[in-house]
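Take a look at the structure below.
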Amino acid sequence: MLTIKKIITTEEVENYLSTQGIPLSMDYQQFMGIYDGDTLIGMGSINLVDLKVYMNFIYTEDDDFGLRHGLAKSLLNMADLSGIKTVYGSNPELSDLYSILRFQKDGDEYVLQLEGYFTADSCQQ
């Protein structure tokens, strides 16, 4: 069974990133993982940069768009529940995902306002 949940321990994040060969700084980041049973098969994060919250890292081992989409929605929900009202993106590799998640292009960045994003009406869009 697949589950998505917040990753609490930095050791789990470091081990997974190392195993996958992903160089990523862990400064000011919150991570969520996709698990198949007890096995971590993907990871994403939101991070604070210059007083803005960014979602620029989403990774799944099979590069499955559905899993990446589910992980991104979970990260946005975590941000929303944490009181974050705006999430930015600047990773060109995630542009298709940003578009489907209704981020708006603003110069070199993508911007998503979370106010009302998870209401019943918005989820039907």
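Here are some notes:
- Overall, the accessible surface of the chain at a probe of 1.4 angstrom is composed of carbon and sulfur to the extent of 48 percent.
- Of all beta bridges that DSSP places with both ends in region 32-125, some 95 percent have antiparallel geometry.
- Helix axis angle, 65-81 relative to the chain longest principal axis, alpha carbon, degrees: 70
- Region 1-64 - Rg (one decimal) and Dmax (whole number), Cα, Å: 11.6, 38
- For the chain, the solvent-accessible area with a 1.4 angstrom probe is 59 square angstrom per residue.
- Theoretical FRET efficiency, 1/(1+(r/R0)^6), r = Cβ-Cβ of S99 and T19, R0 30 Å, to 0.05: 0.50
- Residue (of M32, N47, T60) at the positive-pole extreme of region 21-66, dipole from beta-carbon charges: N47
- Net charge dipole size for the chain [Lys, Arg +1 and Asp, Glu -1 on Cβ; Debye, nearest 20]: 400
- Residues D38 and D106, FRET efficiency given R0 of 41 Å [Cβ-Cβ distance, rounded to 0.05]: 0.55
- Cα-based reach from K73 at 17 Å (exclusive), listing lysines while leaving out same-chain residues under 8 positions away: K5, K6, K85
- Put a dot 7 Å past the Cα of T119, heading toward its Cβ, do the same for S90, and the two dots end up 3.1 nm apart.
- Principal axes of the chain: Cα extent on each, largest first, Å: 36, 33, 25
- Each residue of region 24-32 is assigned a 3J(HN,Hα), and the resulting list reads 8, 6, 9, 4, 6, 10, 10, 10, 10 Hz, derived from the Karplus form 6.51 cos²θ - 1.76 cosθ + 1.60 (θ = phi - 60°), x at Gly and Pro.
The values are calculated or read from the model by the stated rules, or taken from the named source; none is laboratory data. The structure displayed is predicted, hence computed values, not measured ones. FYI the Cβ positions are ideal-geometry reconstructions off the backbone, even for glycines, and counts take in every protein chain you see. These accessible areas exclude ligands, DNA and RNA; they are computed on the full protein's heavy atoms, side chains included. Shrake-Rupley method; radii C 1.70, N 1.55, O 1.52, S 1.80 Å.
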